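Only one structure is covered here, and it is reproduced in the block below.
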Amino acid sequence: MKKVLLSLIIALTAATTVNAQKGNYFYANLGGGLHNINYATGSFGSKTPGLGFNAGIGWQWMFSEHFGIGLGINFNTQKTSGKLSFNESTPNLTDKENGLNYTQNVSFNGLKEVDKQSVLDFPLSLYYQTKLSERLRLLIGVNGFYTKVLSQDYKIKSGDISVGKFFPDYNLDYSGIVDKEHGIFNVSDFSGDTKLKKAVYGIGAQALFCYALGEKRRTEFTFGIYSAYRFTNQKDINGKIFDPETTEYHGITQSNIADKISSCNLGGIVGLRFRVGGKEKKPALIMYHRTKY
(Lines give C-alpha, C1' and ligand atoms only; values in the text may rest on other atoms or scores of the structure.)
Protein backbone atom coordinates (compact mmCIF):
# COMPACT_ATOMS: atom_id res chain seq x y z
CA MET A 1 0.00 0.00 0.00
CA LYS A 2 1.34 3.27 -1.00
CA LYS A 3 0.57 6.55 0.57
CA VAL A 4 1.65 9.83 -0.90
CA LEU A 5 2.29 12.69 1.49
CA LEU A 6 2.31 16.04 -0.23
CA SER A 7 4.36 18.59 1.73
CA LEU A 8 3.95 22.22 0.73
CA ILE A 9 6.76 24.42 2.00
CA ILE A 10 6.31 28.15 1.41
CA ALA A 11 9.22 30.48 2.09
CA LEU A 12 7.36 33.53 3.39
CA THR A 13 8.96 36.78 2.38
CA ALA A 14 5.97 39.12 2.87
CA ALA A 15 7.68 41.04 5.65
CA THR A 16 10.49 42.13 3.36
CA THR A 17 8.78 42.64 0.00
CA VAL A 18 7.51 45.91 -1.40
CA ASN A 19 3.97 45.12 -0.27
CA ALA A 20 5.04 44.63 3.32
CA GLN A 21 3.73 46.95 6.00
CA LYS A 22 7.16 47.63 7.51
CA GLY A 23 9.45 50.33 6.13
CA ASN A 24 9.93 54.05 5.60
CA TYR A 25 7.22 56.28 4.14
CA PHE A 26 6.99 59.89 3.00
CA TYR A 27 3.54 61.51 3.04
CA ALA A 28 1.84 64.71 1.87
CA ASN A 29 -1.75 65.71 2.64
CA LEU A 30 -4.35 68.47 2.40
CA GLY A 31 -7.45 69.04 4.47
CA GLY A 32 -9.75 71.41 6.25
CA GLY A 33 -12.60 71.77 8.68
CA LEU A 34 -13.46 73.56 11.91
CA HIS A 35 -10.30 75.43 12.97
CA ASN A 36 -11.39 77.41 15.99
CA ILE A 37 -9.70 80.02 18.19
CA ASN A 38 -11.25 79.33 21.59
CA TYR A 39 -12.32 82.09 23.96
CA ALA A 40 -15.42 82.84 25.98
CA THR A 41 -17.34 86.11 25.62
CA GLY A 42 -19.67 85.42 28.56
CA SER A 43 -22.47 87.94 28.91
CA PHE A 44 -20.74 90.35 26.51
CA GLY A 45 -21.83 88.52 23.36
CA SER A 46 -21.42 85.28 21.40
CA LYS A 47 -18.80 83.41 19.39
CA THR A 48 -18.95 81.34 16.18
CA PRO A 49 -16.21 78.84 15.18
CA GLY A 50 -14.64 79.33 11.77
CA LEU A 51 -13.26 77.16 8.98
CA GLY A 52 -9.59 76.63 8.28
CA PHE A 53 -7.13 74.98 5.90
CA ASN A 54 -4.47 72.35 6.64
CA ALA A 55 -1.47 71.10 4.62
CA GLY A 56 1.30 68.82 5.81
CA ILE A 57 4.29 66.70 4.86
CA GLY A 58 6.28 64.21 6.89
CA TRP A 59 8.14 60.93 7.34
CA GLN A 60 6.99 57.68 8.96
CA TRP A 61 9.03 54.65 9.99
CA MET A 62 6.94 51.52 10.52
CA PHE A 63 9.41 49.45 12.52
CA SER A 64 7.05 46.49 12.86
CA GLU A 65 3.99 45.11 11.11
CA HIS A 66 1.70 47.27 13.27
CA PHE A 67 3.69 50.06 14.96
CA GLY A 68 5.74 53.05 13.86
CA ILE A 69 6.84 56.60 14.61
CA GLY A 70 6.93 59.77 12.55
CA LEU A 71 7.91 63.43 12.25
CA GLY A 72 6.07 66.09 10.30
CA ILE A 73 5.34 69.73 9.65
CA ASN A 74 1.82 71.11 9.16
CA PHE A 75 0.62 74.54 8.11
CA ASN A 76 -2.91 75.54 9.09
CA THR A 77 -5.14 78.55 9.44
CA GLN A 78 -7.68 79.27 12.19
CA LYS A 79 -10.60 81.68 12.43
CA THR A 80 -13.30 82.69 14.91
CA SER A 81 -16.04 85.34 14.82
CA GLY A 82 -17.08 87.11 18.01
CA LYS A 83 -20.15 89.33 18.26
CA LEU A 84 -20.37 91.88 21.09
CA SER A 85 -23.61 93.45 22.34
CA PHE A 86 -23.36 95.24 25.70
CA ASN A 87 -23.22 98.65 27.37
CA GLU A 88 -20.64 100.28 29.62
CA SER A 89 -21.18 103.37 31.76
CA THR A 90 -18.56 105.50 33.52
CA PRO A 91 -20.16 108.03 35.93
CA ASN A 92 -18.85 111.17 37.64
CA LEU A 93 -16.73 112.52 34.81
CA THR A 94 -16.15 116.24 34.24
CA ASP A 95 -16.64 117.81 30.84
CA LYS A 96 -13.47 119.71 29.92
CA GLU A 97 -15.38 122.31 27.93
CA ASN A 98 -18.08 123.41 30.35
CA GLY A 99 -17.08 121.79 33.65
CA LEU A 100 -20.37 119.87 33.97
CA ASN A 101 -20.65 116.47 35.58
CA TYR A 102 -21.59 113.68 33.14
CA THR A 103 -21.77 109.93 32.65
CA GLN A 104 -20.07 108.42 29.63
CA ASN A 105 -22.05 105.65 27.89
CA VAL A 106 -20.35 103.22 25.50
CA SER A 107 -22.56 100.79 23.57
CA PHE A 108 -21.31 97.83 21.53
CA ASN A 109 -24.04 97.41 18.92
CA GLY A 110 -23.68 93.93 17.41
CA LEU A 111 -19.96 94.52 16.82
CA LYS A 112 -18.70 91.52 14.82
CA GLU A 113 -14.96 90.86 15.11
CA VAL A 114 -13.17 88.19 13.05
CA ASP A 115 -9.94 86.83 14.56
CA LYS A 116 -7.46 84.86 12.45
CA GLN A 117 -4.12 83.20 12.91
CA SER A 118 -1.83 80.99 10.83
CA VAL A 119 0.54 78.50 12.45
CA LEU A 120 3.13 75.80 11.82
CA ASP A 121 2.82 72.56 13.81
CA PHE A 122 5.75 70.18 14.33
CA PRO A 123 4.26 66.82 15.46
CA LEU A 124 6.05 63.78 16.86
CA SER A 125 3.71 60.83 16.24
CA LEU A 126 3.16 57.22 17.27
CA TYR A 127 1.31 55.05 14.72
CA TYR A 128 -0.66 51.83 14.74
CA GLN A 129 -1.76 50.17 11.49
CA THR A 130 -3.73 47.06 10.60
CA LYS A 131 -4.59 45.37 7.32
CA LEU A 132 -8.26 45.46 6.28
CA SER A 133 -7.89 43.84 2.83
CA GLU A 134 -5.24 43.16 0.21
CA ARG A 135 -4.98 46.85 -0.65
CA LEU A 136 -6.61 48.67 2.25
CA ARG A 137 -5.11 49.49 5.65
CA LEU A 138 -6.23 51.50 8.66
CA LEU A 139 -3.59 53.85 10.11
CA ILE A 140 -4.18 55.50 13.50
CA GLY A 141 -1.82 58.13 14.86
CA VAL A 142 -1.50 60.11 18.09
CA ASN A 143 0.95 62.95 18.56
CA GLY A 144 2.29 65.74 20.65
CA PHE A 145 3.43 68.87 18.87
CA TYR A 146 5.05 72.29 19.15
CA THR A 147 3.33 75.18 17.36
CA LYS A 148 4.99 78.31 16.02
CA VAL A 149 2.46 81.10 15.39
CA LEU A 150 3.21 82.92 12.13
CA SER A 151 0.56 85.66 12.13
CA GLN A 152 -2.42 86.91 14.15
CA ASP A 153 -4.89 89.67 13.30
CA TYR A 154 -8.44 90.94 13.81
CA LYS A 155 -10.93 92.95 11.75
CA ILE A 156 -14.39 94.38 12.41
CA LYS A 157 -16.89 93.18 9.82
CA SER A 158 -20.14 94.76 10.98
CA GLY A 159 -21.82 96.65 13.82
CA ASP A 160 -20.37 99.66 15.60
CA ILE A 161 -19.49 101.29 18.93
CA SER A 162 -21.43 104.37 19.98
CA VAL A 163 -20.14 106.81 22.59
CA GLY A 164 -22.53 109.25 24.27
CA LYS A 165 -22.82 111.58 27.25
CA PHE A 166 -25.54 111.93 29.87
CA PHE A 167 -25.66 115.08 32.03
CA PRO A 168 -27.65 114.08 35.16
CA ASP A 169 -27.96 117.64 36.53
CA TYR A 170 -29.91 118.67 33.44
CA ASN A 171 -31.27 115.23 32.47
CA LEU A 172 -29.73 115.64 29.02
CA ASP A 173 -28.78 112.52 27.04
CA TYR A 174 -26.44 113.05 24.12
CA SER A 175 -26.41 109.48 22.86
CA GLY A 176 -27.30 108.33 19.39
CA ILE A 177 -26.02 111.52 17.75
CA VAL A 178 -22.63 112.23 16.20
CA ASP A 179 -20.48 115.06 17.50
CA LYS A 180 -16.96 113.67 17.63
CA GLU A 181 -15.46 117.01 18.60
CA HIS A 182 -17.42 116.81 21.85
CA GLY A 183 -16.91 113.10 22.47
CA ILE A 184 -20.13 111.83 20.90
CA PHE A 185 -19.63 109.51 17.95
CA ASN A 186 -20.00 106.06 16.35
CA VAL A 187 -16.97 104.05 15.23
CA SER A 188 -16.61 100.68 13.51
CA ASP A 189 -13.58 100.63 11.21
CA PHE A 190 -11.05 98.67 13.29
CA SER A 191 -8.37 96.19 12.25
CA GLY A 192 -4.84 95.29 13.25
CA ASP A 193 -2.36 92.70 14.41
CA THR A 194 -3.03 90.72 17.57
CA LYS A 195 -0.37 90.28 20.24
CA LEU A 196 -0.73 86.76 21.62
CA LYS A 197 1.83 84.17 22.67
CA LYS A 198 3.70 82.76 19.69
CA ALA A 199 4.97 79.47 21.18
CA VAL A 200 2.24 76.88 21.78
CA TYR A 201 2.06 73.17 22.65
CA GLY A 202 -0.69 70.66 21.90
CA ILE A 203 -1.83 67.10 21.27
CA GLY A 204 -3.56 65.54 18.27
CA ALA A 205 -4.85 62.38 16.61
CA GLN A 206 -5.78 61.09 13.16
CA ALA A 207 -7.44 58.03 11.62
CA LEU A 208 -6.63 57.31 7.97
CA PHE A 209 -7.55 54.67 5.43
CA CYS A 210 -4.60 53.85 3.17
CA TYR A 211 -5.42 52.32 -0.22
CA ALA A 212 -2.49 50.86 -2.19
CA LEU A 213 -2.24 51.93 -5.85
CA GLY A 214 -0.69 50.19 -8.83
CA GLU A 215 0.87 46.76 -9.27
CA LYS A 216 3.84 47.39 -7.00
CA ARG A 217 1.73 49.17 -4.35
CA ARG A 218 4.50 51.56 -3.36
CA THR A 219 2.05 54.49 -3.36
CA GLU A 220 -1.08 54.76 -1.21
CA PHE A 221 -4.04 57.12 -1.41
CA THR A 222 -5.00 58.21 2.11
CA PHE A 223 -8.22 59.73 3.45
CA GLY A 224 -9.65 60.19 6.92
CA ILE A 225 -10.12 62.60 9.83
CA TYR A 226 -7.81 64.58 12.11
CA SER A 227 -8.05 66.58 15.33
CA ALA A 228 -5.75 68.82 17.36
CA TYR A 229 -5.97 70.77 20.60
CA ARG A 230 -3.42 73.44 21.61
CA PHE A 231 -3.64 73.65 25.38
CA THR A 232 -1.24 76.58 25.93
CA ASN A 233 -3.06 79.73 27.02
CA GLN A 234 -2.11 82.31 24.36
CA LYS A 235 -3.35 85.23 26.44
CA ASP A 236 -0.65 87.90 26.67
CA ILE A 237 -2.46 91.26 27.09
CA ASN A 238 -5.44 91.87 29.39
CA GLY A 239 -6.55 95.48 28.93
CA LYS A 240 -9.71 97.36 28.15
CA ILE A 241 -11.20 96.50 24.76
CA PHE A 242 -11.93 100.14 23.80
CA ASP A 243 -10.68 103.54 24.98
CA PRO A 244 -13.28 106.27 24.27
CA GLU A 245 -10.76 109.06 24.81
CA THR A 246 -8.29 107.88 22.17
CA THR A 247 -10.85 105.78 20.18
CA GLU A 248 -8.34 102.91 20.23
CA TYR A 249 -9.83 99.42 19.85
CA HIS A 250 -7.67 96.50 21.01
CA GLY A 251 -9.69 93.43 20.00
CA ILE A 252 -11.45 90.72 21.99
CA THR A 253 -8.43 88.47 22.50
CA GLN A 254 -6.33 91.33 23.91
CA SER A 255 -9.02 92.53 26.30
CA ASN A 256 -10.40 91.52 29.69
CA ILE A 257 -13.46 90.04 27.94
CA ALA A 258 -11.53 86.85 27.05
CA ASP A 259 -9.84 85.11 29.99
CA LYS A 260 -8.23 82.16 28.21
CA ILE A 261 -7.33 81.69 24.56
CA SER A 262 -6.49 78.37 22.91
CA SER A 263 -7.21 76.72 19.56
CA CYS A 264 -8.47 73.41 18.22
CA ASN A 265 -8.93 71.70 14.84
CA LEU A 266 -11.31 69.01 13.59
CA GLY A 267 -11.58 68.10 9.93
CA GLY A 268 -11.14 65.78 6.99
CA ILE A 269 -7.93 65.04 5.12
CA VAL A 270 -6.74 63.42 1.88
CA GLY A 271 -3.23 62.72 0.64
CA LEU A 272 -0.61 60.37 -0.72
CA ARG A 273 1.81 58.07 1.10
CA PHE A 274 4.96 56.86 -0.66
CA ARG A 275 7.14 53.93 0.35
CA VAL A 276 10.82 54.91 0.10
CA GLY A 277 13.80 52.56 0.03
CA GLY A 278 13.64 48.78 0.21
CA LYS A 279 14.28 46.31 -2.59
CA GLU A 280 11.65 44.38 -4.48
CA LYS A 281 12.10 40.64 -4.05
CA LYS A 282 10.86 37.70 -6.06
CA PRO A 283 7.62 35.95 -5.10
CA ALA A 284 7.73 33.28 -2.44
CA LEU A 285 9.32 30.00 -3.48
CA ILE A 286 6.92 27.06 -3.51
CA MET A 287 8.49 23.59 -3.08
CA TYR A 288 6.76 20.25 -3.47
CA HIS A 289 8.22 17.18 -1.76
CA ARG A 290 6.77 13.72 -2.38
CA THR A 291 7.48 10.91 0.08
CA LYS A 292 6.60 7.23 -0.55
CA TYR A 293 5.81 4.62 2.11
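The values are calculated or read from the model by the stated rules, or taken from the named source; none is laboratory data. Here the structure is a predicted model, which means the values were calculated and not measured. Counting neighbours? That spans all protein chains shown, and the Cβs are built from the backbone with ideal geometry, glycine included.
Computed quantities for the displayed model
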| item | result |
| --- | --- |
| Residues that are among the basic types (Lys, Arg), part of a loop (DSSP other than H, G, I, E, B) and touching a residue at least 24 places away in the same chain (Cβ under 8 Å), drawn from the range 218-253 | Arg218, Lys235 |
| Filter pass, Ile161 being of a type in the set (A, V, I, L, M, F, W, C), modelled with pLDDT of 85 or more and surrounded by fewer than 19 Cβ atoms within 10 Å (Cβ to Cβ) | no |
| Test: Gln129 is in contact with a strand residue (DSSP E or B) (Cβ under 6 Å, 6 or more places away or on another chain) and within 30 Å of Ser188 (Cα to Cα) | no |
| Selection from the range 1-45 of residues that are in a strand (DSSP E or B), at pLDDT below 90 and surrounded by fewer than 16 Cβ atoms within 10 Å (Cβ to Cβ) | Val4, Leu5, Leu6, Ser7, Leu8, Ile9, Ile10 |
| Pair list, Cβ under 6 Å, 6 or more apart: the range 117-130 residue on the phi < 0 side of the Ramachandran plot and touching a residue at least 40 places away in the same chain (Cβ under 8 Å), other residue in a strand (DSSP E or B) and charged (D, E, K, R) | Leu120/Lys148; Gln129/Arg137 |
| Selection count where residues are within 21 Å of the chain's Cα centre (by Cα) and either among the hydroxyl-bearing types (Ser, Thr, Tyr) or not in a loop (DSSP other than H, G, I, E, B) (or both), scope the range 193-213 | 12 |
| Test: Thr94 is under 29 Å from the mean Cα position of the chain (by Cα) and among the polar types (S, T, N, Q) | no |
| Residues located in the range 87-125, provided they are small (Gly, Ala, Ser) and touching a strand residue (DSSP E or B) at 6+ places or on another chain (Cβ under 7 Å) | Ser89, Ser107, Gly110, Ser118, Ser125 |
